[in-house]
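One structure below.
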Amino acid sequence: MHKNFKNISFSDLIITENANYILVNKPPFIASLDDRVESKNLLSLAKEVNQEYQICHRLDKETSGIVVFAKNPDAYRNFAMQLENREVKKVYHAVINGLHRFDDFEADEPLHTTSTKSRVDFRTGKPAFTLISTLEVFKKHTLVKCFPVTGRMHQIRAHLAHHEAPIANDPAYGGQPPLLSELKRNYNHKKWEEETPMINRVALHSYQVAFKDLDGNVIEANAEYPKDFSVLIKLLRKFN
């Protein structure tokens, strides 16, 4: 278990809740579901509060942001149906390598998925569709928002990489670590020490979710950036 999460409780993570759903802000480095390496995960934290709680979808271990929990079977089915019908709106924020001006750009390349990775494959891939828009351009990086209409594994990471805009510090998809030495003039770091990146994970955050409750009313919420993502943005702005 990551040292910061030893004493974490489920209630610490709650953004909002009602009779049917709980929306939490998942920190990076904690798994959504069972992890062979660590016993504690987001679902196990929820089960400590109530055994009935079910996780409605998952985020990669390194990815931070909103995760929806259902308090009862009806709520779980309701969310699952909307997910299947592509009626759940999920918006992610990512810091990508390079300068890019996306304006509701439609990435619609089919993806072939293995157990560990996805790649664009026009022959055997399944349909995948992501809308991408630029939020802010920095010196050598860009902050984008991504709306994955379909829900393929690593969809955002694979689509961005295909369009030569990989997420910062995502080596699996060609993303280079964001280094202060590349932005700050006269940056002085000890030659015998390896420079630490400005963020030590894939720079991806699940920022917003919107879906319908059992009564048809819309539930919508945003998740604040965790400290590491927030610090990265501040540094990129400072040395822009």
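Bear in mind these aren't lab numbers, they're just calculated from the coordinates by the rules spelled out. These numbers come from a predicted model, not from an experiment. Backbone-built Cβ (ideal geometry, glycine too); neighbour counts: all protein chains shown.
Tabulated results
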{"read-out": "Residue match in region 26-45 (condition: of a type in the set (K, R), touching a Ser or Thr at 6+ places or on another chain (Cβ under 7 Å), under 30 Å from E164 (Cβ atoms) and surrounded by fewer than 16 Cβ atoms within 10 Å (Cβ to Cβ))", "value": "no"}
{"read-out": "Selection status of F229, among the aromatic types (F, W, Y) and either within 13 Å of the chain's Cα centre (by Cα) or under 30 Å from N18 (Cα atoms) (or both)", "value": "yes"}
{"read-out": "Cross-chain or 6+ apart pairs with Cβ under 6 Å, region 44-68 first and without any contact (Cβ under 8 Å) to a residue 60 or more places away in the chain, then β-branched (V, I, T) and crowded, with 22+ Cβ neighbours inside 10 Å", "value": "C56/V68"}
{"read-out": "Filter pass, A107 being aliphatic (A, V, I, L, M) and touching a helix residue (DSSP H, G or I) at 6+ places or on another chain (Cβ under 7 Å)", "value": "yes"}
{"read-out": "Extreme residue, farthest from the chain's Cα centre (by Cα), among residues of region 189-226 that are aromatic (F, W, Y) and either within 20 Å of L135 (Cα to Cα) or surrounded by 14 or more Cβ atoms within 10 Å (Cβ to Cβ) (or both)", "value": "F211"}
